[in-house]
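Let me begin by presenting the structure, written as structure tokens, before commenting on it.
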Amino acid sequence: MAEVLYRKLDELTEYEVYAAYAPPAPDWLRVNFVSSADGAAALEGLSGPLSGEEDKRVFKVLRARCDVLLTGSGTVKAEGYGPLVLSPERKAWRKAQGLPEVPVMAVASRSLAGLDPAMGIFTLAPRRPIVVVPADLPETQVGPFRKVADVIAVGTGEVDYPAAVEALRERGLRQILCEGGPRVFGDLIAADLVDELDLTLSPLLVGAGPMRIAEGPEAPAARPLELRHVLEAGGNLILRYLRGSVDE
């Protein structure tokens, strides 16, 4: 079993934070979430109030490391996602790694309800985004989005996530970061696609009511994970779990 790193986040240099999240394989799907100490995925209906400047540092490193950021349409609407942009320093880091300046944004939706092709996440994107939808969604709904995004149409009634991930990787988008929401995470678990969970435990008690970080279909079986590091920042525990023993 690999050694577990225990450190305070503010003791790590920027280089060390990037190194701490180096993907173990060229094809990798990691999920990033924040949860309250008692397991709530949201506060007042949003994940943002659970997060703070402490874990935002890791959040930004994960975005800089990915080829594509996959997010459900519900999260885009609820959290007010805009175009995917990075700071000049993050862009410079990516260029030094031989990567485009910014990742691609991919939005998954069963119905496209609540999404508008005029939203800034599409029209102001520095790279052409992707919309992932079921293949049987009417063209009258999908067509307007083709003007502002590439469309991956897979599945019947629901997004076929194994096929969607394969399609992303066929485009060279091999490092996938998912930021939710809980239904997308639940679908990825059920499809056995998750290689890594990066979870921040916020020092808050929210109480009963809010959903868990994974919702939707029941997974066939529990997946064992290995804890690779624990970073402490402002009372937050920033945890990195990898599936199985990928480097042994």
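The lysine pair count for the chain, using Cα distances under 28 Å and pairs eight or more places apart or on different chains, is 12.
Given the -39500 (n - 2.57) contribution per DSSP H run of 4+ residues, what per-residue ellipticity at 222 nm results for the chain, rounded to the nearest 500 deg cm²/dmol? So the helix-based figure for the chain works out to -7500 deg cm²/dmol. Please work out whether segment 97-177 counts as rounded, prolate or oblate from its C-alpha gyration tensor, where a ≥ b ≥ c are the square roots of the eigenvalues and a/c under 1.5 means rounded, while otherwise a/b larger than b/c means prolate and anything else oblate? Verdict is oblate for segment 97-177.
Between E170 and L99, residue separation times 0.36 nm minus the direct Cα-Cα distance comes to 23.9 nm.
The computed Cα extents along the principal axes in Å for the structure shown corresponds, within (1) 77, 40, 27; (2) 68, 41, 32; (3) 52, 45, 36, to (3).
The numbers here are math on the coordinates, done by the rules we state, and not lab data. Quick caveat: nothing in here was measured; it's all calculated off a predicted structure.
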